[in-house]
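What follows is one structure encoded as structure tokens, with my remarks underneath.
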Amino acid sequence: MQAISPPSPLKSLVSTRRRLARVSPNKLHVHCIYRSDPVHFPNGVGSNRADWQSSCAILASKVVSQEQSIDKSNGNSGDADHVAAVNGHKTSIDLSLVPLNKGSNDGNSDNNKPIKSLSITDLSPAPMHGSQLRVAYQGVPGAYSEAAAGKAYPNCEAIPCDQFEVAFQAVELWIADRAVLPAENSLGGSIHRNYDLLLRHRLHIVGEVQLPVHHCLLALPGVRKEYITRVISHPQALAQCELTLTKLGLHAAREAVDDTAGAAEYIASNNLRNTAAIASARAAELYGLQILADGIQDDSSNVTRFLMLAREPIIPRTDRPFKTSIVFAHEKGTSVLFKVLSAFAFRNINLTKIESRPHRSCPIRLVDDATVGTAKHFEYMFYVDFEASMAEVRAQNALAEVQEFTSFLRVLGSYPMDMTPWCPSRED
Ligand SMILES: O=C(O)C(=O)C[C@]1(C(=O)O)C=C[C@@H](O)C=C1
């Protein structure tokens, strides 16, 4: 699939981060904050571009002074591959929510473990600028991620970002208070990029939100299905509608763009009469497109799970269902996976997700055998979500045991599970 890029909002700050101190802050390219979604942003009116740009200039100038203190407190460049040795293990220094008591992996000693007293950094603070919570998401207004931001944080100011990484950076640089980013979809699977970015950045998962995703096929007013020669959308949306597109009899090339609503905006701003977008009904309304087909996802219960990310972790609790997300690696690769997972099985802790990604800093392990040659094993990072709170002793002990078997372990977050009533996407 060929990738095209529609006009985009908050631009990549990768190189900007270092340059911010030198470059005029109002050179940041940003879009307006739209708050016109009546469901998730009931306060209604969106700011205009000039207002937003000037407030962003102020924010960016604050970033300049906060930059140095962030760097000092991190003691590094913010690269999460930089790990410190703790207890003989390469473990991220500041991400464990509770101390792990080593040597307690007998499966019977899940009690009376010391628990770190709470400190101010355990709290997820309210925004300090006295305004609404600013929530970064990837895409443009009308994207599902914008709706997820509104579901996670009603009345928030949703800040559109052109790339996932920009949303991470917006939070790290205090341009936003939170980020809401997709992790997985019930049909399309994992959004791998965000798994990789979770490791590379130092944000904490503070919540999850599951959003039913109802896709529509959109085109310019008056365009008929027969005229469509290409369909553009986010790769996940194309995957989620693959069978239905074929059933609709569209003889159209499929092309990937950065987000669903961006695809709709691209068609409208370029007056493309041969192109359709897969996007939300709200995107149709925002960009003046007509809905050619409604509910085109291959399964009506199409749900995307989004992660809520913050600079600080939340205090894990036991009075409601919690989930904990971890990532680990081992020099002996997959051979220890069974042992690691048994730490959860022995304690009746359910796993809700397991994902493996290439181990970027050590992708291949060579095993020489004088008689038969050299085996080349791929190395992985394993991401696991389990149903327990880090405030539970059984979870602490499970992680103590996991740490015995792994060379790297990081707790990405311990956070309330989304327990909202099941509300699948509308039926056609
Ligand atoms: O493009 C959008 O509208 C998005 O919010 C992104 C995204 C994704 O990354 O999975 C979110 C939900 C849907 O699953 C399709 C696309």
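A few points about this structure:
- Restricting attention to region 360-387, the residues that are open to solvent by less than 70 Å² (accessible area, probe 1.4 Å), of a type in the set (A, V, I, L, M) and farther than 23 Å from S407 by Cβ total 0.
- Residue list for region 332-351, filter: touching a residue at least 60 places away in the same chain (Cβ under 8 Å) and in contact with a strand residue (DSSP E or B) (Cβ under 8 Å, 6 or more places away or on another chain): V340
- Any hit, region 222-230, residues being hydrophobic (A, V, I, L, M, F, W, C), in the same structural domain as I191 (by the TED database) and in contact (Cβ under 8 Å) with a residue 40 or more places away in the chain: no
- Residue under evaluation M308, criteria (1) within 16 Å of the ligand (Cβ to nearest atom); (2) out of contact with any strand residue (DSSP E or B) (no Cβ under 7 Å at 6 or more places or on another chain); (3) within 24 Å of A179 (Cβ to Cβ), criterion not met: (2)
- Wholly enclosed helices (runs of 4 or more DSSP H) of region 166-282 bearing at least 2 residues surrounded by 18 or more Cβ atoms within 10 Å (Cβ to Cβ) and more than 10 Å from the ligand (Cβ to nearest atom): 192-200, 242-247, 260-270
- Qualifying residue in region 352-361 (condition: in contact (Cβ under 8 Å) with a residue 12 or more places away in the chain, touching a Lys or Arg at 6+ places or on another chain (Cβ under 8 Å) and outside the structural domain of R200 (by the TED database)): yes
- Among residues of region 327-340, those that are within 21 Å of the chain's Cα centre (by Cα) and open to solvent by 80 Å² or more (accessible area, probe 1.4 Å), counted: 0
- Subset of region 283-310 (residues that are farther than 30 Å from G207 by Cα, open to solvent by less than 40 Å² (accessible area, probe 1.4 Å) and part of a strand (DSSP E or B)): A293
- Residue ID - nearest to the ligand (Cβ to nearest atom), chosen from residues in region 127-165 that are over 22 Å from L199 (Cα atoms) and of a type in the set (S, T, Y): Y144
- Selection status of A343, open to solvent by less than 30 Å² (accessible area, probe 1.4 Å) and either closer than 22 Å to R320 by Cα or of a type in the set (G, A, S) (or both): yes
- Residues satisfying the stated conditions in region 124-143, i.e. at pLDDT 95 or above and open to solvent by 30 Å² or more (accessible area, probe 1.4 Å): L133
- Applying a threshold of 9 Å to beta carbon distances and a minimum spacing of six or more residues, or different chains, the list of pairs starting in region 145-159 at a residue that is free of Cβ contacts under 8 Å to residues at least 24 places away in the same chain and ending at one that is within 11 Å of the ligand (Cβ to nearest atom) is empty.
The values are calculated or read from the model by the stated rules, or taken from the named source; none is laboratory data. Everything numeric in this text was worked out from a predicted model, so none of it was measured. Cβ sites come from the backbone with ideal geometry, for glycine too, and all protein chains shown count toward neighbours. These accessible areas exclude ligands, DNA and RNA; they are computed on the full protein's heavy atoms, side chains included. Shrake-Rupley method; radii C 1.70, N 1.55, O 1.52, S 1.80 Å.
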